[in-house]
Amino acid sequence: MQSSRDGVPLTRRQFVAAGAMGGAALAVGCAGTKQGNWDFLNDPQARTLAAICDQIIPADDFPSASQAGVLTYIDRQLARHYRRHRNAYRDGLEQADAMSRKRFGQDLAALTVPQQLEMVSSIEKENSGFFNLVRSHTLEGYYGAPRHGGNRDAVSWKMLGMAEPPVRGRAQYDQRKSPAS
Amino acid sequence: MKRVNAVVVGAGAAGGIVAKELSTAGLSVVLLERGKWYTANDCRKDDLRNQRTTLLGNAFGPEDEGNPRVVFDPKSGPRTFLPSEGGYQNNAACVGGGTLSYGAMAWRFMPQDFRMRSIYGAPQGSSLEDWPITYDDLEPFYDKAEYEIGISGDYSGSPFFGPRKRPLPMPPLAPNREFQILEPAAKRLGLNPFHIPMARNSVPYNGRGPCMRCRWCVGFACEADAKNGSQNTVIPTALATGNCELRTECMAKEILTDDRGRARGVAYYDADGHLQQQDSDIVIVSACAIESARLMLNSKSRLFPNGLGNQHDQVGRHLQGHHYTGAVGFFDFDTYDDVGPGASIAVADYNHGNPGLCGGGMLANEFIRLPIQMIERMPVNTPRWGLKHKQAMRNFYKRNIAVMGPTQPIPSADARVTLDPDVRDKWGMPVARISGNVHPHTFEIGVLQAQRSEAWLKEAGAVSTLLNAGKPTIVSSGQHQAGTCRMGNDPQGSVVNKACQVHDVDNIFVIDGSVHVTNGGFNPALTIMAIAYMASEELVRNWKGTGFKS
């Protein structure tokens with residue numbers, strides 16, 4: 001299911017990481033193949049975005065950006081606080097696929113990992129405004145509070161060795177809850 | 001609405017103190033605050049939405065909707081900013097103002113900081129001036145602020161501060177690991193390190209418990225209520241007198257004047273957006289430097305066509321904040337101990353006496369960094385993204401210390417707040433437009449301070465460092481904003497006298513950071529508080545003598 005989602009064979013390390021993530025990683029896979037799971041993105045956009053995000057934060061022995069829910073974070077914010085960036089995403093993702101088709105004859109998500117890395121480096125040079133936006137949002141989603149949909153199970157905080165629960169002496173704040181506002 | 005003695009606009013560091021001092025002296029007070037009153041239940045630990053990291057909005061106001069500002073950066077021209085964008089130069093909009101969520105460093109300025117022009121002379125093109133008051137004038141009120149608000153810390157390691165009547169009311173928090181690493185290094189360099197004074201309970205004080213040392217401090221409200229601001233000290237005292245009414249979500253529109261040119265009250269929009277009028281004998285503007293200037297400029301009338309206090313075009317000028325520079329050191333051992341608030345140790349050896357330079361600033365270690373604050377702060381040559389960035393996060397998150405400090409800004413009359421000719425807020429009022437910069441000498445000092453930070457970190461064992469000493473093209477005011485309604489004896493070169501009374505309207509006062517002539521090489525909150533106590537005492541004295549009733 002993981003490999004059929006976007007046609008990219010997982011490396012051994014990615015596979016191990018995905019396995020370690022268990023249900024969480026699978027949930028990401030499902031989110032990419034079902035209609036209506038996104039607040040703003042459509043599925044092709046989500047696949048392209050996932051390919052970019054996973055070059056910004058690839059998997060090692062900890063999950064990649066998309067495996068940690070960064071797409072959920074970005075999608076949710078594009079429907080909320082980052083509404084002003086919707087056009088930038090729409091156009092930027094379209095351009096990314098157009099560049100990819102021109103160079104490799106396929107959409108970004110269908111390329112091999114080395115090809116994706118090459119493409120994302122090109123996007124950084126040729127469409128730096130869009131790239132910087134995605135880069136910032138990817139890092140926010142991955143390293144920010146789980147309540148906003150990214151950093152699933154506080155996985156990046158665990159990676160950095162931060163003690164849980166994060167508030168000493170009080171455990172009343174469920175970090176996985178989505179924000180009330 | 002029933003007429004009152006005083007309307008105070010803004011329930012922040014200064015406004016809360018003024019409301020308390022006036023109401024305990026028997027004056028009837030209405031305290032207007034544009035934001036809300038947050039409680040411990042609003043202390044959400046959200047690292048993307050607080051008052052320091054505002055990627056997903058400001059936790060404590062203003063809201064992004066309907067509160068724009070325009071900033072004129074010569075690099076990019078005029079641009080409209082949302083309150084949660086860095087360029088907006090926000091402080092806060094809530095009961096407590098910045099003191100609800102600040103890091104709570106509570107510094108006294110040094111005696112020299114009040115006499116900058118006499119000591120150094122004004123660099124060409126600057127508007128450097130002396131204050132009309134001295135450190136000695138303010139000392140009793142620093143003392144009062146330290147004891148009423150509640151300050152912990154210990155200055156005794158530093159010989160550079162002015163005389164004080166008694167020590168701080170609370171001892172410092174126990175040293176964290178960064179303190180233990182940096183202290184011996186500073187001593188080896190011949191410096192005089194000491195415990196940062198903080199508006200934070202280290203022991204039970206004022207009926208509230210001590211800091212629980214969590215990592216969620218600067219930018220957040222304190223869920224243990226151990227961080228001391230006006231919202232949990234003077235404002236409750238003011239309300240308990242029965243003489244003070246706090247009205248939240250009320251946005252001042254203008255100060256109303258009569259046909260003799262004296263204030264008669266304040267027009268404001270209430271929480272439902274309805275225009276209201278509160279008549280009063282006196283008006284106190286405590287809205288923070290940018291918004292105080294804006295309110296004065298927006299208060300136009302036949303007698304004051306350029307706004308209040310502005311007949312010599314001084315309102316809004318000399319805007320300043322702090323130019324922060326420093327360095328991050330990367331270590332080959334863990335420096336992180338997860339013990340908040342993190343900032344703990346400072347040196348004040350570099351505030352004055354720098355050969356050929358005008359002033360200086362203190363240096364201190366930074367508050368605990370949450371991961372999101374680390375992503376742009378990597379060793380030199382770390383790629384901005386990809387596996388190497390991820391690995392650098394893992395390698396250095398717990399192995400870095402940041403030392404930085406606020407360079408005392410050399411003010412310029414060109415750094416200023418005006419009214420934007422086009423952009424309006426949600427109530428239809430012209431918004432603040434920020435333009436200009438502090439004097440470039442400020443940045444020379446900043447570079448030296450960054451190098452000194454680097455030297456301190458290297459002495460402490462840093463294997464590499466990242467220098468942070470930019471040269472911004474626009475004034476950096478933000479949470480330390482000051483200077484826009486300058487205090488002075490000369491009505492042509494200032495807006496208020498040393499009692500914070502507007503020169504040409506005797507029953508209007510500006511009491512907040514706006515009156516700072518210079519902003520010291522320190523966080524300005526305690527000085528704002530001390531000025532508020534001093535001006536309030538004078539105001540009450542005058543009230544009992546001649547009075548202001550018309």
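Numerical summary
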item: Options B:113, B:143: the member that is crowded, with 21+ Cβ neighbours inside 10 Å and either without any contact (Cβ under 8 Å) to a residue 40 or more places away in the chain or assigned to a helix (DSSP H, G or I) (or both); result: B:113
item: Residue satisfying all of: in the stretch B:225-245; of a type in the set (Val, Ile, Thr) and closer than 17 Å to residue B:25 by Cβ; surrounded by the fewest Cβ atoms within 10 Å (Cβ to Cβ) among these; result: B:241
item: Matching strands (runs of 3 or more DSSP E) fully within the stretch B:1-96 where at least 3 residues are among the aliphatic types (A, V, I, L, M) and away from every other protein chain (no Cβ under 14 Å); result: B:4-9, B:29-32
item: Options B:104, B:93, B:25: the member that is surrounded by fewer than 19 Cβ atoms within 10 Å (Cβ to Cβ) and touching a residue at least 40 places away in the same chain (Cβ under 8 Å); result: B:25
item: Within the stretch A:56-143, helices (runs of 4 or more DSSP H) holding 2 or more residues that are at pLDDT 95 or above, within 10 Å of the chain's Cα centre (by Cα) and surrounded by 14 or more Cβ atoms within 10 Å (Cβ to Cβ); result: A:70-78, A:128-143
item: Pair list, Cβ < 6 Å and 6+ apart or interchain, from the stretch B:249-274 residues that are closer than 14 Å to residue B:504 by Cα and hydroxyl-bearing (Ser, Thr, Tyr) to residues that are modelled with pLDDT of 95 or more and in a strand (DSSP E or B); result: B:257/B:263
item: Candidates A:124, A:94, filtered to the one that is of a type in the set (Asp, Glu), under 30 Å from residue B:81 (Cα atoms) and at the interface with another protein chain (Cβ under 10 Å from one of its Cβ atoms); result: A:124
item: Test: residue in the stretch B:345-357 that is within 24 Å of residue B:195 (Cβ to Cβ), surrounded by 22 or more Cβ atoms within 10 Å (Cβ to Cβ) and more than 28 Å from the chain's Cα centre (by Cα); result: no
item: Scan of the stretch B:227-285 for residues that are of a type in the set (D, E, K, R) and within 14 Å of residue B:12 (Cα to Cα), ordered by number; result: B:247, B:249
item: Hits in the stretch B:446-478 - residues which are under 18 Å from residue B:411 (Cα atoms) and either of a type in the set (Gly, Ala, Ser) or surrounded by fewer than 24 Cβ atoms within 10 Å (Cβ to Cβ) (or both); result: B:446, B:447, B:470, B:471, B:472, B:473, B:474, B:476, B:477, B:478
item: Filter result (within 29 Å of residue B:319 (Cα to Cα) and not in a loop (DSSP other than H, G, I, E, B)) within the stretch B:257-279; result: B:257, B:263, B:264, B:265, B:266, B:267, B:268, B:269
item: Criterion: surrounded by fewer than 24 Cβ atoms within 10 Å (Cβ to Cβ) and in contact (Cβ under 8 Å) with a residue 12 or more places away in the chain - qualifying residue of B:523, B:497; result: B:497
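The values are calculated or read from the model by the stated rules, or taken from the named source; none is laboratory data. Remember, it's a predicted structure, so these values are computed and weren't measured experimentally. Cβ atoms come from the backbone with ideal geometry, glycine included; neighbour counts cover every protein chain shown.
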